[in-house]
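Colleague: The structure under discussion is supplied below as structure tokens; questions concerning it will follow.
The values are calculated or read from the model by the stated rules, or taken from the named source; none is laboratory data. Every value quoted in this text rests on a predicted model; they were computed, and no experiment measured them. All Cβ positions, glycine included, derive from the backbone under ideal geometry; neighbour counts span all protein chains shown.
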Amino acid sequence: MYHEGGGLVSLSSRYRPEHNIYVGDGVYKCGLADAYGNWTGEYFGVVISRLEVCSDDMLFDYFVGACRYTAQKGHPNNVNSCEAHSLERGNPVNIATGNKFQEEHDFVSGSSSPIVVDRYYNSLDKYWRHSYSARLDINFKWVTLVDSDGREIKFDYDGDSYFSKSEGVYLLKLADGWSFKSRINKVYYFDLSGQLIKVVSDSGGTQYVFRRDGDIIIRNDFAVEVVLTEDFLHQPLHLSSEGVDIRYEYAGGRLVKRTKVYVGRPGSADVRTYHYENQNNDGGRLLTGITDERGVRLVTWTYSPSQKVVLSEHADGAQSTRFIYESEESTSVVSELGRKLVYHFKLILGVKRIVSIEGEPTPDCPASNSTYTYNDRGLVLTKTDAKGLITAYSYNDRGLEISRTEASGTTLARTTTTEWDPDRFLPIKVIEPNRVTVYSYDNQGRELTRQSTSR
């Protein structure tokens, strides 16, 4: 059940299965959250236990009641290897899953330690999230990081540490919570319950996250403050900061309007509208278009009966891109000029990786007629281009590239090696065939020096 003016308000939305308690004979009491989605220590009703076993690469989705692959929500370019081919086409669509991902920019506080509030939509789960919605779902044998863009990273516990096999990164258990460092050197801190409490950017700027009377308070190093409220699914409802007030209007659980008002400027309201015209067995929550602040329809998406994007186009049909899902292992993409590319995939650790691309090379896809091989962690081992030339890669235990050989196996072979900072995702020495480059950084990871010498 939905409230027409705001977020989800049904008991099912307040259900917290991770807090269920066993009372005997296969019966559990059900955990109940408060009006803001916080655990209350209270219970309602009972549930008969049911054993669900998901494979190592899948996670149980409480909302659909089934095991699902969840690693490929979020931005299609969010891959763990720079050499992995992009999965993004159209505006933007993940060609491997058919997921429509949308990123919207709502607020930024300034240039120094900025508080940036963006929103992210995924058609795979049909929710809008915000920049400070990241959280941990903590279980006995693993922990899942649900990132702000919806991507989910599973960290398995091996008795000593929490490690993500698909991402090659660790989640650290601290005395008073948890920390996670991303591959772009952004560090997230969570409390013991998995709630986000601090974010440190790669430049050292820090945003502190507090919760007060159902509000989320975000504060930076310069005491700039943003107050944000959200519904039970972490969808934004209201944002306020000095000089700015943003309201998010929902209907049937769908975000239909964002109204941004500049305080003290009468008539300054900027209204952005979101459309959900598809009623194809999805509850009407598939995003099908956006109308901007001028009242101009910017983009339209169309979906298949299986809720995958089949068409992405801008106003007047510009930049039209069609998607044909030939099977679970291949997708054809047709540009507005009629050029067709066929992508073939292999599922590795719950993530579909491109193994080959067929079709005429184009400016937006020069990698046509290329093939890829991977190791068991989903990192590219070899890339073979349309001319048959092979580029070979090797990695360290952290999944960082340490060697790349272009034209491997020929007299033209060229090898580049990279040495990395032991604690950060930062290169400290790159050795190319004709040059050596050495880097140094400050404590925040900002580049201090770069020295190149010829070989």
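Colleague: If I filter region 199-252 down to residues being polar (S, T, N, Q) and assigned to a loop (DSSP other than H, G, I, E, B), which single residue comes out as modelled with the lowest pLDDT? If you could, list the steps in order and put the result at the bottom.
Modeller: So the first thing to find is which residues in region 199-252 are polar (S, T, N, Q), and the list is 201, 203, 206-207, 220, 229, 235, 240-241.
Subsequent filtering for residues that are assigned to a loop (DSSP other than H, G, I, E, B) retains 201, 203, 235.
Values: Ser201: 90, Ser203: 81, Gln235: 96.
If we take residues in region 199-252 being polar (S, T, N, Q) and assigned to a loop (DSSP other than H, G, I, E, B), then Ser203 is modelled with the lowest pLDDT.
Colleague: Of everything in region 253-276, what is among the hydroxyl-bearing types (Ser, Thr, Tyr), part of a loop (DSSP other than H, G, I, E, B) and at pLDDT below 95? Give them in sequence order. Walk me through how you get there before you give the answer.
Modeller: To start, the set of residues in region 253-276 that are among the hydroxyl-bearing types (Ser, Thr, Tyr) comprises 259, 262, 268, 273-274, 276.
Next, from what is left, pick out any that are part of a loop (DSSP other than H, G, I, E, B): 268, 276.
If the condition is that a residue be among the hydroxyl-bearing types (Ser, Thr, Tyr), part of a loop (DSSP other than H, G, I, E, B) and at pLDDT below 95, then Ser268 is the only one that fits.
Colleague: Please state which one of Asn139, Asn78 is more than 24 Å from Pro236 (Cα to Cα) and at pLDDT below 90.
Modeller: Details: Asn78 fails: more than 24 Å from Pro236 (Cα to Cα).
The match here is Asn139.
Colleague: Right, next: If a residue has to be exposed (fewer than 14 other Cβ atoms within 10 Å of the Cβ) and either under 21 Å from Leu172 (Cβ atoms) or among the acidic types (Asp, Glu) (or both) to count, how many in region 205-216 make the cut?
Modeller: 1
Colleague: Can you go through Ser370, Ser356 and tell me which one is in contact (Cβ under 8 Å) with a residue 40 or more places away in the chain, small (Gly, Ala, Ser) and closer than 30 Å to Glu336 by Cα?
Modeller: Working: Ser356 fails: in contact (Cβ under 8 Å) with a residue 40 or more places away in the chain.
Sole residue among the options that is in contact (Cβ under 8 Å) with a residue 40 or more places away in the chain, small (Gly, Ala, Ser) and closer than 30 Å to Glu336 by Cα: Ser370.
Colleague: On to the next question. In region 410-446, which residue that is of a type in the set (D, E, K, R) and at pLDDT 95 or above is farthest from the chain's Cα centre (by Cα)?
Modeller: Going residue by residue through region 410-446, those that are of a type in the set (D, E, K, R) are 414, 419, 421, 423-424, 429, 432, 435, 442, 446.
Narrowing further to those that are at pLDDT 95 or above: 414, 419, 421, 429, 432, 435.
Numbers: Arg414: 35, Glu419: 28, Asp421: 25, Lys429: 30, Glu432: 33, Arg435: 36 Å.
Checking each candidate, the answer is Arg435.
Colleague: Out of curiosity, is Ile324 among the β-branched types (Val, Ile, Thr) and touching a residue at least 24 places away in the same chain (Cβ under 8 Å)?
Modeller: Considered against the rule, which asks whether it is among the β-branched types (Val, Ile, Thr) and touching a residue at least 24 places away in the same chain (Cβ under 8 Å), Ile324 comes out as no.
Colleague: For a quick check of your reading of the model, give me the residue pairs whose first member lies in region 429-441 and is in the same structural domain as Arg455 (by TED's automatic domain parsing), whose second is acidic (Asp, Glu), with beta-carbon atoms closer than 9 Å and at least 6 apart or on different chains.
Modeller: Lys429/Glu419; Val430/Glu419; Ile431/Glu419; Tyr439/Asp421; Tyr439/Glu447; Ser440/Glu447; Tyr441/Asp421; Tyr441/Glu447
Colleague: Quick one: would you say Gln279 is loosely packed, with under 13 Cβ neighbours inside 10 Å and in a loop (DSSP other than H, G, I, E, B)? Before you say what the answer is, go through the steps one by one.
Modeller: Numbers: loosely packed, with under 13 Cβ neighbours inside 10 Å: yes; in a loop (DSSP other than H, G, I, E, B): yes.
When the stated conditions are applied, Gln279 passes them.
Colleague: Would you check which residues across region 183-201 are touching a residue at least 60 places away in the same chain (Cβ under 8 Å) and farther than 18 Å from Ile218 by Cβ and list them?
Modeller: Here is the first cut: in region 183-201, the ones touching a residue at least 60 places away in the same chain (Cβ under 8 Å) are 183-185, 193, 195-196, 199, 201.
Within region 183-201, Arg183, Ile184, Asn185, Ser193 meet the criteria.
Colleague: While we're on this one: Of the residues that make up region 404-418, is at least one assigned to a loop (DSSP other than H, G, I, E, B), under 25 Å from Gly168 (Cβ atoms) and touching a strand residue (DSSP E or B) at 6+ places or on another chain (Cβ under 6 Å)?
Modeller: yes
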